[in-house]
Amino acid sequence: MKQSIHLLLLVIIISSQIITAQEVKSEFPPYTQIVTKHTELKYIISKNVDDTFYVYIRLPKHYSETEKRYPVLYLLDGDIAFNMATSIVRYLQYGKFVPDIITVGIGYGTMLSDHELNFRDRDYTPTKFPGREISGGAYRYLQFIKNELIPFIDSTYRTDSTDRTLNGYSLGGLFTLYSMLKEPDLFNKYIVGSPFIYRNLEDLLNLEDSLYESEGKLSGNLYITVGENESLEKYQDPISRFVKRLQGREYKNLNIYFETFENGQHLICPSEAMSYGLVYVFGKQTE
């Protein structure tokens with residue numbers, strides 16, 4: 001009898017806890033509302049790449065209350081970089097380090113780099129990579145950004161078409177530098193974290209040489225980083241050589257800041273590169 005009473009009491013206690021938990025939970029908005037506030041997801045079918053891209057868009061908090069036009073931050077590896085970027089931007093805005101901006105992440109629908117749906121090897125590399133069957137499609141991807149994505153963003157949202165930032169890390173950093181040299185008027189700000197230019201250094205230097213000989217000018221703000229503990233052969237030396245080439249040209253309207261992160265390793269520094277990069281390219285200085 002006592003056991004039956006104890007069991008009944010236990011059931012009542014557990015039931016009341018479940019009811020209480022449900023009541024408390026019901027006071028909060030659905031999870032999806034928390035995640036998607038001021039955020040939109042679009043699917044863009046690219047004729048240039050012959051693929052569909054996930055495009056994540058974060059609008060400024062007071063976007064609907066003004067007629068203002070906003071700078072746009074474009075993110076490569078958008079599936080993983082988008083949420084990080086929107087959080088970083090909010091922190092920096094609290095400190096008045098960056099203005100209100102529209103954030104656009106370009107993704108594949110998965111943040112797993114080795115997933116069958118993720119084609120960063122295909123899209124971020126200017127030439128074929130040894131051992132990477134699907135690679136070397138950077139030109140087509142750049143045409144997608146130039147002729148399909150940016151026109152869509154500019155026609156759909158109130159953007160400042162003279163103020164675009166491109167952010168890329170690792171292979172994304174390679175593509176960002178490629179974009180800067182191949183289409184120098186497309187963006188005016190570049191945040192490049194630990195670019196994997198080891199295999200394409202000569203290609204980038206040749207592009208820069210052609211640009212210098214034909215145009216003689218390159219403009220914008222370039223923030224580029226490497227980690228102190230990253231490979232000398234694959235990261236530190238190639239990046240340093242590329243930066244020295246640009247600095248040696250003394251482009252009149254190109255501002256370059258090259259930073260080495262103390263104790264930095266390759267997958268530790270994406271958030272640091274983005275944070276300090278945004279502060280630099282938007283012309284604010286930390287105290």
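Looking for whichever is under 19 Å from the mean Cα position of the chain (by Cα) and either in the same structural domain as Ser64 (by TED's automatic domain parsing) or assigned to a helix (DSSP H, G or I) (or both) here; the options are Thr127, Thr165. Which one fits?
Thr165
If only one of Lys234, Lys252 is basic (Lys, Arg) and within 16 Å of Phe196 (Cα to Cα), which one is it?
Lys234
Check off (1) touching a Ser or Thr at 6+ places or on another chain (Cβ under 8 Å); (2) at pLDDT below 95 for Ser64 and give me the number that stays unchecked.
(1)
Taking the condition more than 20 Å from Gly172 (Cα to Cα), touching a residue at least 12 places away in the same chain (Cβ under 8 Å), in contact with an Asp or Glu (Cβ under 9 Å, 6 or more places away or on another chain) and in a strand (DSSP E or B), does Pro71 pass?
Considered against the rule, which asks whether it is more than 20 Å from Gly172 (Cα to Cα), touching a residue at least 12 places away in the same chain (Cβ under 8 Å), in contact with an Asp or Glu (Cβ under 9 Å, 6 or more places away or on another chain) and in a strand (DSSP E or B), Pro71 comes out as yes.
Give the residue that is nearest to Leu76 (Cα to Cα), with candidates limited to residues of segment 168-186 that are of a type in the set (Gly, Ala, Ser) and either in contact with a Cys (Cβ under 9 Å, 6 or more places away or on another chain) or not in a strand (DSSP E or B) (or both).
Only one residue fits best here, namely Gly172.
Could you tell me which numbered condition Glu230 fails, if it satisfies all but one of (1) crowded, with 19+ Cβ neighbours inside 10 Å; (2) over 24 Å from Gly95 (Cβ atoms); (3) modelled with pLDDT of 95 or more?
So the condition that Glu230 fails would be (3).
Under 7 Å between Cβ atoms, at least 6 apart or on separate chains: pull out the pairs that start in segment 238-266 with a residue that is under 13 Å from Val226 (Cβ atoms) and in the same structural domain as Lys217 (by TED's automatic domain parsing) and end on any residue that is β-branched (Val, Ile, Thr) and in a helix (DSSP H, G or I).
Listed pairs, sorted by first residue: Phe258/Val243.
May I ask you to verify whether Gly95 is within 22 Å of Val279 (Cα to Cα), free of Cβ contacts under 8 Å to residues at least 12 places away in the same chain and small (Gly, Ala, Ser)?
In short, yes.
Please verify whether segment 167-187 includes one or more residues that are touching a helix residue (DSSP H, G or I) at 6+ places or on another chain (Cβ under 9 Å), in contact (Cβ under 8 Å) with a residue 60 or more places away in the chain, polar (S, T, N, Q) and closer than 30 Å to Ser64 by Cβ.
Yes, segment 167-187 contains a residue that is touching a helix residue (DSSP H, G or I) at 6+ places or on another chain (Cβ under 9 Å), in contact (Cβ under 8 Å) with a residue 60 or more places away in the chain, polar (S, T, N, Q) and closer than 30 Å to Ser64 by Cβ.
Please verify whether segment 107-115 includes one or more residues that are within 24 Å of Lys189 (Cα to Cα), surrounded by 13 or more Cβ atoms within 10 Å (Cβ to Cβ) and either touching a Pro at 6+ places or on another chain (Cβ under 6 Å) or at pLDDT below 90 (or both).
Looking for residues that are within 24 Å of Lys189 (Cα to Cα), surrounded by 13 or more Cβ atoms within 10 Å (Cβ to Cβ) and either touching a Pro at 6+ places or on another chain (Cβ under 6 Å) or at pLDDT below 90 (or both), one finds none in segment 107-115, hence no.
The values are calculated or read from the model by the stated rules, or taken from the named source; none is laboratory data. Nothing here was measured: the structure is a model prediction, and the numbers come from that model. Backbone-built Cβ (ideal geometry, glycine too); neighbour counts: all protein chains shown.
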